[in-house]
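The block underneath contains the structure these notes are about, expressed in structure tokens.
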Amino acid sequence: LDMFFCKLLLLLILTLTSTFLNSQSLELKNEFKVTKRLFKEKKFHDALISNDKALKLSNIEFGEKHLTTATLLENKGRLLLELDEFYKAELIFRNVHEIREELINKNHPDIAEALNYLALSLRFQNKLDDAILVHNKVLNMMASVIANNPGQISELTRSSALYRARAYETKGIQLIKQNKLEEAKGNFRIAIKIFERTLGKDKRELVFLKDKLNNLNE
């Protein structure tokens, strides 16, 4: 009889633990959905608060060195970019890159994505030489990623094209600072053509880049 109650108690503990973990996971998923909705609504400050809640839950459930946590960190970095907190975003993306490099293959699209955002955060701080170095690292990595993932070639090629366009844009900005305006225009035009072919519904990058080119032509 005592053994029966011991087994029953153990089963109850396991059930309660399982229920707690599931509720924790559900809470994390719900917070992620809230962040995503607020991001789409361009309520970036509110989205950042929601994302921080999700990050705390992920750190409890998975720990700091986990791919889920890295994804939430990357979302935080993207929100910081929207809020013009470029240096803070840079630190976040460096952390994301470090976590992903530790946990997954060196040449992986998720690592390239983190580096892409890192390059943008550097560009927005006018750290153009550093940004171009990171852009080049991304493009070299994507060449290897595409070669090793033939089943995903369509989506990977699109991502690689976008990364290339952003590299051309950064180079164009650098050329402006060097007073090489015609070369800068050439880089912007190439980036615009790529964006026109590959951007989805969100055309902000294309609009901003066309404005830059128009300003040079005035």
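The values are calculated or read from the model by the stated rules, or taken from the named source; none is laboratory data. Only a predicted model underlies this, so the values are computations on that prediction, with no experimental measurement involved. Ideal geometry is used to build each Cβ from the backbone, glycine not excepted, and the neighbour counts take in all protein chains shown. These accessible areas exclude ligands, DNA and RNA; they are computed on the full protein's heavy atoms, side chains included. Shrake-Rupley method; radii C 1.70, N 1.55, O 1.52, S 1.80 Å.
Does Ser58 meet the test of being more than 25 Å from Leu162 (Cα to Cα) and of a type in the set (Ser, Thr, Tyr)? Yes: the conditions hold for Ser58. For the range 193-218, residues that are open to solvent by less than 40 Å² (accessible area, probe 1.4 Å) and without any contact (Cβ under 8 Å) to a residue 24 or more places away in the chain total 2. Selection over the range 147-179 of residues that are part of a helix (DSSP H, G or I) and open to solvent by 40 Å² or more (accessible area, probe 1.4 Å) gives a count of 15.
Per the listing Glu74, Glu31, the residue uniquely touching a residue at least 40 places away in the same chain (Cβ under 8 Å) and of a type in the set (Asp, Glu) is Glu74. Among the residues in the range 69-76, are any at pLDDT 95 or above, open to solvent by less than 50 Å² (accessible area, probe 1.4 Å), of a type outside the set (Gly, Ala, Ser) and not in a helix (DSSP H, G or I)? Checked the range 69-76: no residue is at pLDDT 95 or above, open to solvent by less than 50 Å² (accessible area, probe 1.4 Å), of a type outside the set (Gly, Ala, Ser) and not in a helix (DSSP H, G or I). Looking across the range 124-138, the residues that are surrounded by 23 or more Cβ atoms within 10 Å (Cβ to Cβ) and of a type outside the set (Val, Ile, Thr) come down to Ala131, His135. Here Asn95 clears all of (1) among the polar types (S, T, N, Q); (2) over 14 Å from the mean Cα position of the chain (by Cα); (3) surrounded by fewer than 21 Cβ atoms within 10 Å (Cβ to Cβ) except the condition numbered (2).
Residue under question is Ile190, and the condition is that it be surrounded by 12 or more Cβ atoms within 10 Å (Cβ to Cβ), in contact (Cβ under 8 Å) with a residue 40 or more places away in the chain and out of contact with any His (no Cβ under 9 Å at 6 or more places or on another chain); does it hold? Taking the combined requirement at face value, the residue does not satisfy it. Here the condition is being within 20 Å of Ile104 (Cα to Cα), open to solvent by 40 Å² or more (accessible area, probe 1.4 Å) and of a type in the set (Lys, Arg); of Lys65, Lys33, Lys43, it holds for Lys65 alone.
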